[in-house]
Each structure stands twice: as structure tokens, then as C-alpha cells.
Amino acid sequence: MHRFFIEPSQIQDGKIYVEGADVNHIKNVLRMKPGDQVMISDGEGNQYLCALDFYALELPGAKRVWFRIVDTWKENRELSSKIYLFQGLPKSDKMELIIQKATELGAYELIPMATGRTVVKLDEKKAEKKLQRWNAIAESAAKQSGRSRIPRVREVMTLSEALAYGEALDVLLIPYEKAEGMEATRRAVESIRPGQSVGIFIGPEGGFEEAEVRQAMACRALPVTLGRRILRTETAGFVVLSILLYHLE
């Protein structure tokens, strides 16, 4: 069954309206007819089984699809902790894969970073288009994986900006190829309690510079090892997310 996301304010008198790009998808791609049913999530753990009521496409600037609520229940499919993936910008379209899979694995937010060894350079115009594309991928992946909310992809930050953004989080982890001691890594992961917020810092191709790791450590980031092998940038975040998913669930 098709799934859509809305804000709680879009629920009115036993009905829900959907707007934006979803309107075209419902009308012209799915070709839904009155009575057809969908699942709708409000981002707060509330799920709604709805039936298409009517299209309101004739009103200028108010293109909406209205659904009638058939049933509702509470079903939060989110992790007990908010996990923030700070990802060094990779080359090519790897960021799209990272966003898709990180969404499936339960990431709460994704923050692209420009670091010392980042090869990709985005001007303001390209960055805006990329951000729109990345958030659309996160939304699609959230629908496909049955998430209760859509993780937000934020604008590209420098490492310093990302570390400042992560100050409010409870735990910061930075996988580093020179980190030693799997037992220390195990203790760091097992010390994370449900409800705590966690930031994961992943370097781009070539990893972090040593000065960047020291900078992160000065901001409470714990260096951890992911084993004896060196992982690609598009793999490392998935490994940490998978470990945390297993630990928290």
C-alpha cells in the first residue's frame, strides 16, 4: 500500500489533505480514484489508513488531495535514539546511496560535510539543487522502508560547523583507521543508552586529516575502530548504523 507523510496540521475534522509533489504522483502516476486507500504518517508515530475523498485542484495555489480517515493507530518505527550521520562529501553520486541506505537503517538526520580531503566542490546554486534532490531521496526511502518520519538532510557544513552542531548531542563517534582496541569500541557502543542522541562522523574518500581527528576529539568525539579492514566512505556509516541499530533494538 502506498505511504505518504504529512504534518499534524494537515489533519482536519476526520480528513487529511496532501499537497505538493505528492499531488501529481497521486493523480497522474498512481491514477487513484475516490475510495482507493493509502497509509499516511504524521511524523509523530500516528498512522492513518485513509480513503481518497476528492481532488481540490481547481483552486489557485491550493492544489490538494483530500483523504477520509478510515482507521488510526500508534506505531512508532523509529529508533529509541536519534542518530545523526555527519558524512564527508563523497565523489560521484555516492551521497545518494548513503542517504537512501542511512534512511532505511534509521538515521534521524544526515549532515553532509566539506572537509580537508573533500574532492567535491559545490557552489551555492549546485548545493541548493543537490539538497532538494537529497531530501527527495530521503522521503522516497522513508516511504519504502515504512519509517514513521522522514529524516532531514541538512545543508553542507564545514567540519567546524558540524562539530558545533553536534555539541548538543550526548555521544559523538568518529571511526578512524588509526584507532586501536576493539574492546574500547565495544564499550563505547554498549554505553549508549536508549534515548541518547548520537553523532557519527564519517570522512570522505581519503578519510579525515589527523588534525581534523584531533579537532573532533577536542569536541568529545570518541575515535572508534571498525575492524582490521579499511572501509569505503559509503560503507563505514552503514556499519556504525547497523551496529547501533542492533544495540538499540
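Could you state, as a whole-number percent, how many of the C-alpha pairs of region 63-214 are farther apart than 24 Å? Walk me through the numbers before you get to the answer.
Details: 4545 of 11476 pairs.
In whole percent, the long-distance tail amounts to 40.
Give the span of region 158-219's Cα atoms along each principal axis, as three whole-Å numbers ordered largest to smallest.
Cα spread of region 158-219 along its principal axes, largest to smallest: 30, 27, 20 Å.
Given labels modelled 7 Å from the Cα in the Cβ direction, how far is it in nm from LEU49 to HIS247?
A separation of 3.8 nm, rounded to one decimal place.
At q = 0.08, 0.15 Å⁻¹, what base-10 log of I(q)/I(0) does the Debye formula yield for region 1-147 when every alpha carbon is treated as an equal point scatterer in vacuo?
-0.28, -0.86
Loop only by DSSP, 12 or fewer other Cβ within 10 Å of the Cβ. Give me the trypsin sites (Lys or Arg not before Pro) in region 145-182 that pass, ordered by residue number.
LYS178
So if each residue of separation counts as 0.36 nm, and I subtract the Cα-Cα distance between LEU97 and LEU30, what length gain in nm does that give?
Gain in length upon complete extension: 21.6 nm.
Once neighbouring chains are kept in place and the probe is 1.4 Å, which whole percent of the accessible area of region 35-98 is contributed by carbon and sulfur?
Carbon and sulfur atoms account for 49 percent of the accessible area of region 35-98.
Report, to the nearest 10°, how far helix 124-145 tilts away from the longest principal axis of the Cα atoms in the chain, using its own Cα long axis and a range of 0 to 90°.
Helix 124-145 sits roughly 70 degrees off the main axis of the chain.
May I ask you to list the trypsin sites (Lys or Arg not before Pro) in region 1-41 that are in a DSSP loop and have at most 15 other Cβ atoms within 10 Å of their Cβ?
Working: sites: ARG3, LYS15, LYS27, ARG31; in loops: ARG31.
Listed in order of number, the matching sites are ARG31.
So what is the calculated 222 nm ellipticity per residue for the chain, using -39500 (n - 2.57) for each DSSP H run with n of 4 or more, over all residues, to the nearest 500 deg cm²/dmol?
When only DSSP H runs of four or more count, the value is -9500 deg cm²/dmol.
If I take R0 = 45 Å and measure r between the Cβ atoms of GLU183 and GLU104 in this structure, what FRET efficiency does the formula 1/(1 + (r/R0)^6) give, to the nearest 0.05?
The computed FRET efficiency comes out at 0.95.
Once the Cα atoms of helix 233-248 and of the chain are each reduced to a long axis, what angle between those two axes, in degrees from 0 to 90 to the nearest 10, is obtained?
Value to nearest ten degrees: 80.
Quick one: pull the percent of accessible area on region 209-249 belonging to carbon and sulfur, 1.4 Å probe, ligands and nucleic acids left out.
The value for region 209-249 is 55 percent carbon and sulfur by accessible area.
Going Cα to Cα from LYS33, which aspartates and glutamates come in below 20 Å? Please leave out same-chain ones fewer than 8 positions away.
Candidates past the 8-residue exclusion: GLU19, ASP22, ASP53, GLU58, ASP71.
Round to the nearest 10 and give me the degree value, 0 to 90, for the angle of helix 94-104's Cα axis relative to the longest principal axis of the chain.
With both axes taken from Cα atoms, the answer is about 70 degrees.
So how far apart, in nm, are the two label points at MET39 and ASP123 if each is 7 Å from Cα heading toward Cβ?
Here the modelled spin labels are 4.3 nm apart.
Using a probe radius of 1.4 Å on heavy atoms only, what accessible surface per residue do you get for the chain? Whole Å² is fine.
Value for the chain: 52 Å² per residue.
Would you list, by chain and number, the lysines whose Cα falls below 29 Å from the Cα of LYS130, excluding same-chain residues fewer than 8 positions away?
Reachable lysines: LYS27, LYS63, LYS82, LYS91, LYS94, LYS101, LYS121, LYS143.
The values are calculated or read from the model by the stated rules, or taken from the named source; none is laboratory data. Since the model is a prediction, treat every value here as computed from it, not as a measurement. Reconstructed Cβ throughout: ideal geometry from the backbone, glycine too, with neighbour counts over all protein chains shown. Ligands, DNA and RNA are excluded from the accessible area calculation, which covers all protein heavy atoms including side chains. Shrake-Rupley method; radii C 1.70, N 1.55, O 1.52, S 1.80 Å.
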